[in-house]
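**Q** Sharing a structure, written as structure tokens. Questions coming.
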């Protein structure tokens, strides 16, 4: 698998690859966990924003933020930090929805790419 396939403008798996040190099983398990948890947390954030439950939205954003960094999704991580701060302010700001939609537009295609990478690595097991 070439380096080009392991990164794009929204993610970079170099840290995961370095930690895995060639262990495809570890890579598969890590990506699989991320693919399970990320949509759950994104849904929780979305629901909390819709229900104006700012504490829950901020907590879910806080949980997801380090995972985004681990997968080299640095712009998404920065936006998630911004979203967390906006939600902690506890005000219904239109900026909250704008930032969240920006995160979604970056994360959604990355999840598909990670699934492809995970399947390719599974084939090596």
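The values are calculated or read from the model by the stated rules, or taken from the named source; none is laboratory data. Note that the coordinates shown come from a computational prediction; the quantities given were computed from them, not determined experimentally. Every residue, glycine among them, receives a Cβ derived from its backbone with ideal geometry; neighbour counts consider all protein chains shown.
**Q** Which of (1) under 13 Å from residue 114 (Cα atoms); (2) assigned to a helix (DSSP H, G or I) does residue 84 not meet, given it meets every other one?
**A** Among (1) under 13 Å from residue 114 (Cα atoms); (2) assigned to a helix (DSSP H, G or I), residue 84 violates only (1).
**Q** If residue 103 satisfies all but one of (1) surrounded by 20 or more Cβ atoms within 10 Å (Cβ to Cβ); (2) not in a helix (DSSP H, G or I), what's the number of the condition it fails?
**A** The single condition residue 103 does not satisfy is (2).
**Q** What are the residue pairs meeting all of these: first residue in the stretch 63-78, first residue buried (at least 19 other Cβ atoms within 10 Å of the Cβ), second residue part of a loop (DSSP other than H, G, I, E, B), Cβ atoms under 7 Å, and 6 or more apart or on different chains?
**A** What qualifies is 71/11; 71/13; 72/11; 72/13; 73/10; 73/11; 76/10.
**Q** Cβ-Cβ below 6 Å, separation at least six or inter-chain, first residue in the stretch 40-56 and modelled with pLDDT of 95 or more, second surrounded by fewer than 16 Cβ atoms within 10 Å (Cβ to Cβ) and part of a loop (DSSP other than H, G, I, E, B): which pairs?
**A** What qualifies is 52/92; 54/90.
**Q** Separate question: Please tell me if residue 25 is loosely packed, with under 14 Cβ neighbours inside 10 Å, more than 17 Å from the chain's Cα centre (by Cα), outside any loop (DSSP other than H, G, I, E, B) and touching a residue at least 40 places away in the same chain (Cβ under 8 Å). It would help to see each step written out before you state the result.
**A** Numbers: loosely packed, with under 14 Cβ neighbours inside 10 Å: yes; more than 17 Å from the chain's Cα centre (by Cα): yes; outside any loop (DSSP other than H, G, I, E, B): yes; touching a residue at least 40 places away in the same chain (Cβ under 8 Å): yes.
Answer is yes for this residue.
**Q** So which pairs qualify, if the first residue must be in the stretch 107-122 and part of a helix (DSSP H, G or I), the second must be surrounded by fewer than 16 Cβ atoms within 10 Å (Cβ to Cβ) and at pLDDT 95 or above, the Cβ gap must be under 8 Å, and the two must be at least 6 apart or on different chains?
**A** So the pair list comes out as 111/35; 111/39; 114/35; 115/35; 118/32; 118/35.
**Q** Identify the residue in the stretch 79-100 that is surrounded by fewer than 17 Cβ atoms within 10 Å (Cβ to Cβ) and in contact (Cβ under 8 Å) with a residue 40 or more places away in the chain and, among all such residues, is nearest to residue 38 (Cα to Cα).
**A** Taking the candidates together, the pick is 97.
**Q** Still on this structure, I have one more. Keeping to the stretch 36-62, report how many residues are in contact with a helix residue (DSSP H, G or I) (Cβ under 6 Å, 6 or more places away or on another chain) and either under 24 Å from residue 8 (Cβ atoms) or crowded, with 18+ Cβ neighbours inside 10 Å (or both). It would help to see each step written out before you state the result.
**A** Let us first name the residues in the stretch 36-62 that are in contact with a helix residue (DSSP H, G or I) (Cβ under 6 Å, 6 or more places away or on another chain), namely 41, 44-45, 48-49, 54, 56-58, 60-62.
Next, from what is left, pick out any that are either under 24 Å from residue 8 (Cβ atoms) or crowded, with 18+ Cβ neighbours inside 10 Å (or both): 41, 44-45, 48-49, 54, 57-58, 60-61.
Residues in the stretch 36-62 being in contact with a helix residue (DSSP H, G or I) (Cβ under 6 Å, 6 or more places away or on another chain) and either under 24 Å from residue 8 (Cβ atoms) or crowded, with 18+ Cβ neighbours inside 10 Å (or both): 10 in total.
**Q** Would you check which residues across the stretch 70-102 are out of contact with any strand residue (DSSP E or B) (no Cβ under 7 Å at 6 or more places or on another chain) and within 17 Å of residue 12 (Cβ to Cβ) and list them? Can you show your working first?
**A** Within the stretch 70-102, the subset out of contact with any strand residue (DSSP E or B) (no Cβ under 7 Å at 6 or more places or on another chain) is 70-71, 73-102.
Correct list: 70, 71, 73, 74, 75, 76, 77, 78, 79, 80.
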